């Protein structure tokens, strides 16, 4: 038996306002409370605890970029750290580091960054590359992928898809 992992690491320069928005989006306590309210049967909370949650002022699910993904996964499956920029440019006083210690979910990162670019009406883009690896060397259990995100689209590729396409092209060229 082997364990499979997805590892990535990147950094994004952001403004103070963007940092505040991202911190709100990544607030695990808020996401958990929202999940419990919208899925009371799966929350494990008593009716009294749910009633206390209803008294909180929580965002609407559509305001939280990761709500649907969090509801499915039960966590924010990547690490984020904010640091002051040492050489700020264009009002971007902060650096947001996104990565994983052991394994993470590039889908969540892409979802968050797409919502970020859309929310701030940015003409910028975001890209992320990752590596698949295994705790044991097994056939075809390594690889990687990448995602390119803008405010209007998200495009994916992984090494498995690329190799498969190339194999099909080769077979077609060989008349198979």
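The values are calculated or read from the model by the stated rules, or taken from the named source; none is laboratory data. Remember, predicted model here, so these are calculated numbers, not experimental data. So basically every Cβ, Gly included, is an ideal-geometry build from the backbone, and we count neighbours across all protein chains shown.
Is it the case that region 56-66 has a residue that's touching a helix residue (DSSP H, G or I) at 6+ places or on another chain (Cβ under 8 Å) and exposed (fewer than 12 other Cβ atoms within 10 Å of the Cβ)? Taking every residue of region 56-66 in turn, at least one turns out to be touching a helix residue (DSSP H, G or I) at 6+ places or on another chain (Cβ under 8 Å) and exposed (fewer than 12 other Cβ atoms within 10 Å of the Cβ). Residues in region 151-160: is at least one under 30 Å from residue 1 (Cβ atoms), part of a helix (DSSP H, G or I) and out of contact with any helix residue (DSSP H, G or I) (no Cβ under 9 Å at 6 or more places or on another chain)? So far as region 151-160 goes, yes, one or more of its residues are under 30 Å from residue 1 (Cβ atoms), part of a helix (DSSP H, G or I) and out of contact with any helix residue (DSSP H, G or I) (no Cβ under 9 Å at 6 or more places or on another chain).
Every listed requirement among (1) closer than 19 Å to residue 15 by Cα; (2) surrounded by 14 or more Cβ atoms within 10 Å (Cβ to Cβ); (3) touching a strand residue (DSSP E or B) at 6+ places or on another chain (Cβ under 6 Å) is met by residue 116 save one, (3).
One residue is enough: does region 125-146 have a residue meeting the conditions assigned to a helix (DSSP H, G or I), in contact (Cβ under 8 Å) with a residue 24 or more places away in the chain, in contact with a strand residue (DSSP E or B) (Cβ under 9 Å, 6 or more places away or on another chain) and within 29 Å of residue 4 (Cβ to Cβ)?
No, the conditions are met nowhere in region 125-146.
Filter region 68-105 down to the residues that are at pLDDT 95 or above and crowded, with 17+ Cβ neighbours inside 10 Å, then identify the one that is farthest from residue 132 (Cα to Cα). Taking the candidates together, the pick is 94. For region 1-91, the helices (runs of 4 or more DSSP H) that sit wholly inside it and include 3 or more residues that are in contact (Cβ under 8 Å) with a residue 60 or more places away in the chain are 16-25. Of everything listed in (1) under 18 Å from the mean Cα position of the chain (by Cα); (2) at pLDDT below 95; (3) surrounded by 12 or more Cβ atoms within 10 Å (Cβ to Cβ), the single unmet condition for residue 152 is (3).
Against the test of being more than 25 Å from residue 89 (Cβ to Cβ) and at pLDDT 85 or above, the options 58, 45 yield a single qualifying residue, 45.
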